[in-house]
Structure formats: C-alpha cells, structure tokens
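Chemist: One structure is given below, represented as structure tokens, and several questions about it will come after.
The values are calculated or read from the model by the stated rules, or taken from the named source; none is laboratory data. What you are looking at is a predicted structure, and each value in this text was computed from that prediction instead of being measured. Every residue, glycine as well, gets a Cβ built from its backbone with ideal geometry; the counts of neighbours run over all protein chains shown. Ligands, DNA and RNA are stripped out before the accessible areas are found, and what is left, the full protein with its side chains, is counted by its heavy atoms. Shrake-Rupley method; radii C 1.70, N 1.55, O 1.52, S 1.80 Å.
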Amino acid sequence: MCWSTAAFSSDEEQPEIVIYTEDYKPFYFLNSENRIDGTITNLVRELASEAGIAIDIRLRPFKRGLLAVQNMPDHCFMALWRTATREPNFSWVGPLQIDGFAFFALEDADVSVSRMSDSFQYLTGAVGGWTSTVEVQEAGHPNLVLVDDDALNLNMLKTGNTQLWLGGLLSAPYLAEQQRVRIKNVYTIQEVDLALACHPKTDPKLTSRLQAALDKHVGQTIKPAPSN
C-alpha cells in the first residue's frame, strides 16, 4: 500500500514531519474514500493543526514504515507501543491511546488460559514483527501461526484453523464486531501506551509542540475494553 494523505497544501509548503502508519483498525486505516482515517489518525491531525505543524501521513506495511522512520530524521511512526525496550530508540509524543494485547478465542470455544504457558497448546494467530508477537515468541510459544495482516488472524480463528488470536485489546474486538464474529478475551498479557514514535534526531521543537497540544487533550483517550 502506498497511500498518502497530507495535512498541508503541496503547492504552498512541504511537510515538517512525515508520519508513517499501518492498517490497524480502529486507530488508522484506509477508508472507503481512500483516505487514511481512524481515531488516532484524526487526533494526530488535530494536534498537528493546533501546533501549527505541517504533516504528511503515509500508509505502509508495518515493517516498511518503521524502517523508514528508523533511518530518517523528522519521520515518525503512528503509533508504537511504548515499551522499555523501544524507549531509548525514539523521541516520543504520547500517550495517544491506552492499548495492549491479549489472547482471544471464539465466544463458545472451550479454551482456558490463566497464564502465558497455558496458551502454548493452542494454534495461535499473530502478526509477524509486532511487539506482542515477539514477546510471546520469546516466552517460548511453539504454535504461533504468523501472518502479515491482523484481519487474517480473525479469519483463521473463525474457520477453526487456529484456536487463539494474539490481538490488540481494542483492535481485535473492533475487527470481530465488524465481521459479526463473537470473541472473548481469555487472557490479557499487558496494557501499554500507544505513542507517536519519531526518529531520535527529529527537531525537538516539533515534538515538544505536539506534546503540548496533546497535553491539552488529557483524559480524552479511550481506555482498554475490560477483560472477560
């Protein structure tokens, strides 16, 4: 996907910050009008407008977008889970949202997970390269089925090709609801902040202005859906 949407007029000025993002509903996605949409997308546009910063938002696969941000100053990724491992590698603006990850199963499935190791017996759909996937891999999960698109995890769960879905606390229930598939959270692994992650050499005046605009929105972020 090579879609781009700008918060500026290309005839008047160039963007001060280029923002890469992925397809991760409901936070950022390409809508029916071929415009990058979503709750966090709209929040970041509003923050940039309030801060007087011209931005260009581009939709890319996760790994490709993140690589671009890691290599180019004044480029940011919308948004990353702000973990201890990632903290020193980026300049951050956040939190934009409280998210996290969990194991999900079909609502009527006979699946029980009370600790990480309980999930190892189940075929589990997960997106390759995501923080959640890396953590579960490092925990020793032997039955992960890796995909490039989170929507494929829902399809595999629905068809019985997997018994668990390693998904976002907010995004997984959203996708399932859109497809009218009933799922349940069987084990929450972690809650984490989602934040704008910028190349560490990004102009600090820009990130400071965005953070100041965000601070005015404190309390407006959506909290994670409760665990079942």
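Chemist: Return the only residue of 151, 126, 139 being under 25 Å from residue 39 (Cα atoms), at pLDDT 95 or above and small (Gly, Ala, Ser).
Modeler: 126
Chemist: Still on this model: Got at least one residue in the range 35-46 being outside any helix (DSSP H, G or I) and touching a Cys at 6+ places or on another chain (Cβ under 8 Å)?
Modeler: No: zero hits.
Chemist: Considering the range 129-150 alone, what residues qualify as being without any contact (Cβ under 8 Å) to a residue 40 or more places away in the chain and either open to solvent by 40 Å² or more (accessible area, probe 1.4 Å) or over 23 Å from residue 180 (Cα atoms) (or both)?
Modeler: 133, 134, 137, 138, 139, 140, 141, 142, 143, 144, 145, 146, listed by residue number.
Chemist: Let me ask you something else. Restricting to the range 39-67, and then to whatever is of a type in the set (Gly, Ala, Ser) and open to solvent by 20 Å² or more (accessible area, probe 1.4 Å), can you tell me which residue is farthest from residue 195 (Cα to Cα)?
Modeler: 52
Chemist: Oh, and also: For the range 177-217, how many residues are modelled with pLDDT of 95 or more, in contact with a Lys or Arg (Cβ under 8 Å, 6 or more places away or on another chain) and either within 23 Å of residue 52 (Cα to Cα) or part of a helix (DSSP H, G or I) (or both)?
Modeler: 2
Chemist: Within the range 167-191, take every residue that is open to solvent by less than 10 Å² (accessible area, probe 1.4 Å) and either among the acidic types (Asp, Glu) or within 13 Å of the chain's Cα centre (by Cα) (or both) and give me the one that is farthest from residue 148 (Cα to Cα).
Modeler: Across the range 167-191, the extreme among qualifying residues is 169.
Chemist: Name every residue in the range 54-107 that is in a loop (DSSP other than H, G, I, E, B), under 17 Å from the mean Cα position of the chain (by Cα) and modelled with pLDDT of 95 or more, in order of residue number.
Modeler: 90 - this is the single residue of the range 54-107 that is in a loop (DSSP other than H, G, I, E, B), under 17 Å from the mean Cα position of the chain (by Cα) and modelled with pLDDT of 95 or more.
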